[in-house]
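**Student:** Got a structure for you, questions after.
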Amino acid sequence: MSMFVARMVLGSLLLTGILTSSGCGYNDLQGLDEDTKAAWSEVINQYQRRADLIPNLVNTVKGYAAHERETLESVVQARARATNVQITPELLKDEAAFRKFQEAQQGLSGALGRLLALAEQYPNLKADQGFRDLQSQLEGTENRITVARKRYIEKVAEFNKMVRYFPTNLTAKFLLHLDEKANFTVADEKAVAKPPEVKF
Amino acid sequence: MQLCGRGGKAVLAGWVWLALMPGLPAWALDVPSLSGPVVDVAHVLPPATVEQLSQELRAHEAKTSNQVAVLIVPSLGGEPLFDFSHRVATTWKLGRKGTDNGVLLLVALKDRKIRLEVGYGLEGVLTDARSAQIIRNEIVPRFRTGEFAAGVTAGVRAVLSTIEGTDHVPERPSPSPSGSDRLGQVLSAVIVGVVIGLVFSRTHRMLGPVVGGGVSFIAAPWLLPALIAGGVSLLLVSLLGGWGLSAGPRRGHRTSGFDETWFSTHRGGWGSGDLSGSFGGGDSFSGSGGDFGGGGASGDW
């Protein structure tokens, strides 16, 4: 009888493992890993969208304020720096690279803010239809970045919690080799909380 | 030295306060309830306008499934315009889940601010630039002369005509509905546990429920679903075992057939979790699960 029981136990455990595979968070971890990657892609997407708006913006401003070379140049350079940072999923596992990415984007935010503040002084520029459209697109993109970042932060927090809680941390460490992912810190949030002011 | 001590205490107090501050400022306004397509908390629109606009918005929804709503508040309560607008739109969940075809027109009277919050699915037609144009050309000029009813009406009509041809908006892949997945996993765990438990009930009366509960506990997600699954299985196996339903070679074919088909049809089938609310006829009104990504435009007058 004991042989029978032993075989049954083994068989049922195997059956369980194969059929559900959700014990100790295996599926949860995989799911959250994918969710954080998707959330991160969305963040990258929106930052890229912002970078894409800039050449147009620079050209429009040049049409009215070509002599403001310094400000225009700094925006172009900041954009180049931001788009040069390699964006891969590995970025999430590398804290240093993540910080570099954030700094580059913040640099761009700063340069953009200065450019838009400058535009305030040129009434013709402000009245230009193309410029107004670009302004609204920029504002929209900044809002989208805010939402994407917020959702990424929430997803990563969920994922990191699962990686750290017992017993799912065992699954994470030994079975899946998943580690905590990088997250935007509070200090960065404060800096980003003030997007370039877009005033009419 | 004394100065340093006092300054230090103040800084510490400041940090403690900051650390304790919740994500949302304590004074943030509650999201008003979605009583109809036009929610005028500030009572600035005449009832006739509210009625007229509500009708037009309900008709538009019936025709295209796009959900457009208007919210007029007396003030933002100190919260930034975008934060409040996005909060309201995502709480109300305007637009259909997955299609995300919702639009919110928000007016804050005291702050003199207007915002059009556009759902993911409509960003392609009601672009940021177009939203800004509507606000700038239709709403602001009328608001500046105090014609709020006319301004809101003109704005709403411009929005509707912009999104009119969009009863077939591109699907945006929606995030996995974790609630329904959880339910599916718990149920799968319970079923596996019960089946296995019933097998063991043949060998010993007590063994069945314990094994069944244990198997479900391991199979379900940690921790609460696991406890629930384990408990339910334990109960079910003891009840079913008691009624003489314990499985075994004699009834083998029924059991194995049972759990195979049960599994294949129900494994992934709990997933869609579709919230099927709608503006609807009569007085009922609710969002259908749409999401907002931050698109739209703001303005002031």
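The values are calculated or read from the model by the stated rules, or taken from the named source; none is laboratory data. Keep in mind it's a predicted model, so treat the numbers as computed, not measured. So basically every Cβ, Gly included, is an ideal-geometry build from the backbone, and we count neighbours across all protein chains shown.
**Student:** Does A:ALA191 count as modelled with pLDDT of 85 or more and surrounded by fewer than 18 Cβ atoms within 10 Å (Cβ to Cβ)?
**Tutor:** Details: modelled with pLDDT of 85 or more: no; surrounded by fewer than 18 Cβ atoms within 10 Å (Cβ to Cβ): yes.
No, not satisfied.
**Student:** Which residue out of B:ASP83, B:ASP128 is within 14 Å of chain A (Cβ to nearest Cβ), farther than 18 Å from B:VAL44 by Cβ, acidic (Asp, Glu) and in contact with an Asp or Glu (Cβ under 8 Å, 6 or more places away or on another chain)? Step through it out loud before you land on a result.
**Tutor:** Details: B:ASP83 fails: in contact with an Asp or Glu (Cβ under 8 Å, 6 or more places away or on another chain).
Residue meeting the stated conditions: B:ASP128.
**Student:** How many residues are part of a helix (DSSP H, G or I), without any contact (Cβ under 8 Å) to a residue 40 or more places away in the chain, of a type in the set (A, V, I, L, M) and more than 9 Å from chain A (Cβ to nearest Cβ) when one looks only at segment B:186-223?
**Tutor:** So the answer is 1.
**Student:** State all residues of segment A:20-32 that are outside any loop (DSSP other than H, G, I, E, B), surrounded by fewer than 18 Cβ atoms within 10 Å (Cβ to Cβ) and either acidic (Asp, Glu) or at pLDDT below 85 (or both); if no residue qualifies, say none.
**Tutor:** A:ASN27
**Student:** Right, here's the next one. For residues in segment B:55-75 being part of a helix (DSSP H, G or I) and in contact with a strand residue (DSSP E or B) (Cβ under 6 Å, 6 or more places away or on another chain), which is farthest from B:SER288 (Cα to Cα)? Even if it seems obvious, please write down each step before you answer.
**Tutor:** Initially, segment B:55-75 is screened for residues part of a helix (DSSP H, G or I), giving B:55-64.
Imposing the further condition that a residue be in contact with a strand residue (DSSP E or B) (Cβ under 6 Å, 6 or more places away or on another chain) reduces the set to B:57, B:61.
Values: B:LEU57: 15, B:GLU61: 11 Å.
Applying the filter and picking the extreme gives B:LEU57.
**Student:** For segment B:104-119, name all the residues that are buried (at least 24 other Cβ atoms within 10 Å of the Cβ) and either in a helix (DSSP H, G or I) or away from chain A (no Cβ under 14 Å) (or both).
**Tutor:** Result: B:LEU105, B:VAL107.
**Student:** Additional query: Let me confirm something: among A:ALA117, A:ALA127, A:ALA104, A:ALA157, which residue is surrounded by fewer than 20 Cβ atoms within 10 Å (Cβ to Cβ), within 14 Å of another protein chain (Cβ to nearest Cβ) and farther than 30 Å from A:GLN30 by Cα? Outline the logic, then answer.
**Tutor:** On the way: A:ALA117 fails: within 14 Å of another protein chain (Cβ to nearest Cβ); A:ALA104 fails: within 14 Å of another protein chain (Cβ to nearest Cβ); A:ALA157 fails: farther than 30 Å from A:GLN30 by Cα.
Answer to the selection: A:ALA127.
**Student:** I need the full set of residues from segment B:39-55 which are crowded, with 17+ Cβ neighbours inside 10 Å and touching a residue at least 40 places away in the same chain (Cβ under 8 Å), in order please.
**Tutor:** B:LEU45, B:THR49, B:LEU53
**Student:** Here is a follow-up. Which one of A:ALA78, A:ALA82, A:ALA66, A:ALA148 is among the aliphatic types (A, V, I, L, M) and without any contact (Cβ under 8 Å) to a residue 24 or more places away in the chain?
**Tutor:** Numbers: A:ALA78 fails: without any contact (Cβ under 8 Å) to a residue 24 or more places away in the chain; A:ALA82 fails: without any contact (Cβ under 8 Å) to a residue 24 or more places away in the chain; A:ALA148 fails: without any contact (Cβ under 8 Å) to a residue 24 or more places away in the chain.
On inspection, the qualifying residue turns out to be A:ALA66.
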